[in-house]
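**Student:** Input: one structure, supplied below.
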Amino acid sequence: MKVSLQNITKRFGTTPVVNGVTLDIADGELFFLLGPSGCGKTTLLRTIAGFYLPDTGLLKFGDRDVTTLPPNQRNTGMVFQNYALWPHMTVAGNVAYGLDVRKVPTPEKTRRVTEALAAVRMGEFADRPATLLSGGQQQRVALARALVVNPDVLLLDEPLSNLDAKLRLEMREEIRRLHKETGLTTIYVTHDQAEALSLADRAALMNLGRIEQVGTPRELYRSPANEFVRDFLGAANFVEGRVTQVESGRVSVSTPHGDIVCALADPKIAAGQTVTCVVRPHDVIVLR
């Protein structure tokens with residue numbers, strides 16, 4: 001399902017938390033909303049889900065205008081940061097909840113819950129109380145609950161932030177596997193650069209309610225559009241210099257530390273200009 005956002009703005013009081021966001025997310029894409037705390041990424045996700053209505057703009061799922069539709073009419077699956085499992089229910093009961101609301105017949109409900117738990121490798125825990133699960137297991141159940149309703153769009157709000165480092169790595173692979181198997185359009189919010197760079201098909205880097213750059217992880221990392229993107233994504237050394245030559249897609253820059261030759265990142269760059277070279281640590285080779 002393609003998701004299109006056109007000039008979406010959401011204010012709380014007089015403050016625009018999401019400010020004029022326009023995005024096209026392709027059918028089946030694993031798309032990340034990335035940025036620091038307070039940049040508006042979770043508000044944008046909740047607007048896509050229908051929990052907030054935008055003050056301006058248009059939101060479409062495929063050809064369907066969902067801008068003002070309530071959440072239950074959008075057919076999305078949502079995984080919250082705190083998982084939001086019902087503590088008085090079993091694993092199977094939690095996964096079945098959305099189907100109960102939709103009044104799915106019992107035989108079909110049983111089949112779909114079994115399939116969803118199998119997909120996240122939690123089938124053997126179906127009858128276990130949700131309160132007796134580890135963090136990683138709760139995460140899997142939350143994913144199964146979102147998947148069981150056969151959503152058009154899967155929404156993930158910082159789903160790994162409550163897990164330890166080892167579990168985060170495991171769950172990254174699990175989310176990538178599930179996305180590959182289901183082919184669902186998935187929108188994933190995170191402030192974690194490593195998650196976005198290792199998982200995303202594409203990502204939008206947000207700051208102060210606006211989108212600074214959209215691209216593949218490689219494009220964001222290798223060709224940052226501005227200083228904010230450059231500084232946010234990974235460690236780097238910044239070297240000022242003057243362009244001495246532009247030829248065949250390569251730029252030669254004279255710096256106090258010697259000449260740097262790099263790929264042409266901006267076609268407007270010309271000889272004589274002062275530029276800043278971004279040198280990533282893993283691109284440095286020390287010669288002795």
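All of the numbers you see were taken from the coordinates with simple rules; none came from a lab. Owing to the predicted nature of the structure, the values given are computational and were not obtained by experimental measurement. All Cβ positions, glycine included, derive from the backbone under ideal geometry; neighbour counts span all protein chains shown.
**Student:** Give me, ordered by chain and number, the residues 5 or more places off Glu212 or on other chains with an amide H under 5 Å from its own placed amide H.
**Tutor:** Under 5 Å from the amide H of Glu212: Leu205, Met206, Asn207.
**Student:** Can you give the Rg to Rh ratio for region 143-184, taking only C-alpha atoms and Rh from Kirkwood?
**Tutor:** Ratio of gyration radius to Kirkwood radius for region 143-184: 0.98.
**Student:** For region 91-200, take the convex hull of the Cα atoms, compute a quarter of its surface area, and give me that in nm², please.
**Tutor:** 6.8
**Student:** When the dipole is taken about the Cα centre of region 233-280, and only Lys, Arg (+1) and Asp, Glu (-1) are charged at their Cβ, what size is it in debye, to the nearest 20?
**Tutor:** Value, rounded to 20: 60 debye.
**Student:** For region 209-218, just list the computed ³J(HN,Hα) in residue order, Karplus coefficients 6.51, -1.76 and 1.60, θ = phi - 60°, integers in Hz, with x standing in for Gly and Pro.
**Tutor:** Each residue's phi maps through the Karplus curve to give x, 10, 9, 7, 6, 10, x, 5, x, 5 Hz.
**Student:** Of Gln81, Asn7, Ala270, which is farthest towards the positive pole of the chain's charge dipole, taken about the Cα centre with +1 and -1 on the beta-carbons of Lys, Arg and Asp, Glu respectively?
**Tutor:** Working it through, the farthest residue towards the positive pole turns out to be Gln81.
**Student:** Ratio to report: Rg/Rh of region 129-288, with Cα atoms as the point set and Rh obtained by the Kirkwood method; give two decimals. Spell out each step's value before the answer.
**Tutor:** Values: Rg = 20.6 Å, Rh = 18.7 Å.
Here the Rg-to-Rh quotient is 1.10.
**Student:** Let me ask something else. Using only the alpha-carbon atoms of region 31-75 as identical scatterers, what base-10 log of I(q)/I(0) does the Debye formula give at q = 0.30, 0.32 Å⁻¹?
**Tutor:** For region 31-75, the Cα-only Debye profile gives -1.13, -1.19.
**Student:** Give me, ordered by chain and number, the residues 5 or more places off Leu264 or on other chains with an amide H under 5 Å from its own placed amide H.
**Tutor:** Correct list: Arg250, Val251.
**Student:** Computed on alpha carbon atoms, what radius of gyration and Dmax characterise region 179-241, expressed in Å?
**Tutor:** 13.0, 48
**Student:** A further question on this structure: Taking amide hydrogens as modeled 1.01 Å from N in the peptide plane, which residues meet the under 5 Å criterion relative to Lys2, leaving out close sequence neighbours?
**Tutor:** Close amide H contacts, sequence-distant or interchain: Asp27, Gly62.
**Student:** Counting DSSP beta bridges in region 145-288, what percent are antiparallel, to the nearest 5?
**Tutor:** Numbers: 22 of 27 bridges.
If we restrict to bridges inside region 145-288, about 80 percent are antiparallel.
**Student:** Taking the dipole about the Cα centre of region 155-224, with the C-beta of Lys and Arg at +1 and of Asp and Glu at -1, give me whichever of Ser161, His179, Tyr221 is farthest to the positive side.
**Tutor:** Of the listed residues, the answer is Tyr221.
**Student:** In Å, the Kirkwood hydrodynamic radius of region 159-207 over pairs of distinct alpha carbons?
**Tutor:** With all distinct Cα pairs of region 159-207 included, I get 11.6 Å.
**Student:** Which value at 222 nm does the chain reach when only helices count, each DSSP H run of 4 or more adding -39,500 (n - 2.57), with the total divided by all residues and rounded to the nearest 500 deg cm²/dmol?
**Tutor:** Details: 8 runs with 84 residues, N = 288.
Computed mean residue ellipticity for the chain: -8500 deg cm²/dmol.
**Student:** Answer with one residue from Gly20, Leu133, Phe31: the one whose Cα lies farthest towards the positive end of the charge dipole of the chain, charges on Cβ with Lys, Arg +1 and Asp, Glu -1.
**Tutor:** Result: Leu133, furthest along the dipole toward the positive end.
**Student:** Let me ask you something else. What dipole magnitude, in Debye to the nearest 20, does the chain give about its Cα centre under +1 on Lys/Arg Cβ and -1 on Asp/Glu Cβ?
**Tutor:** Dipole of the chain, to the nearest 20 debye: 380 debye.
**Student:** Another question, if that's okay. On a 0 to 90° scale, report how tilted helix 165-182 is relative to the longest principal axis of the chain, with both axes built from alpha carbons and the result rounded to the nearest 10.
**Tutor:** 80
**Student:** Another question, then. Tell me, what is the percent relative contact order of the chain, built from C-alpha pairs under 8 Å that lie six or more residues apart?
**Tutor:** This gives 20 percent for the chain.
**Student:** Could I ask something else about it? Which ³J(HN,Hα) values, rounded to whole Hz and listed in residue order, are derived for region 276-286 from phi using the Karplus coefficients 6.51, -1.76 and 1.60 in 6.51 cos²θ - 1.76 cosθ + 1.60 with θ = phi - 60°, glycine and proline given as x?
**Tutor:** So the J values, rounded to whole Hz, are 10, 8, 9, 10, 6, x, 6, 8, 8, 10, 8.
**Student:** Once phi is turned into ³J(HN,Hα) by the Karplus curve 6.51 cos²θ - 1.76 cosθ + 1.60 with θ = phi - 60°, what whole-Hz value does each residue of region 248-260 show in order, with x for glycine and proline?
**Tutor:** In residue order, the calculated couplings are 6, x, 10, 10, 9, 10, 8, 10, x, 9, x, 7, 10 Hz.
**Student:** Follow-up question, since we're still on this one. Against the empirical 2.2 N^0.38 Å scaling, what ratio does the C-alpha Rg of the chain come to?
**Tutor:** Values: Rg = 22.3 Å, N = 288, 2.2 N^0.38 = 18.9 Å.
Computed over Cα atoms of the chain, the ratio equals 1.18.
**Student:** Would you mind ranking Cys277, Cys39 by Cβ crowding within 10 Å, fewest neighbours first?
**Tutor:** Cys277, Cys39
**Student:** Pairwise over distinct Cα atoms, reciprocal of the mean inverse distance: report the Kirkwood radius of region 1-113 in Å, one decimal place.
**Tutor:** Kirkwood radius, region 1-113: 15.9 Å.
**Student:** If contacts are Cα pairs under 8 angstrom and at least 6 residues apart, what is the relative contact order of region 178-226 in percent?
**Tutor:** Details: 36 pairs, mean separation 11.7, N = 49.
Normalised by residue count, the contact order of region 178-226 is 24 percent.
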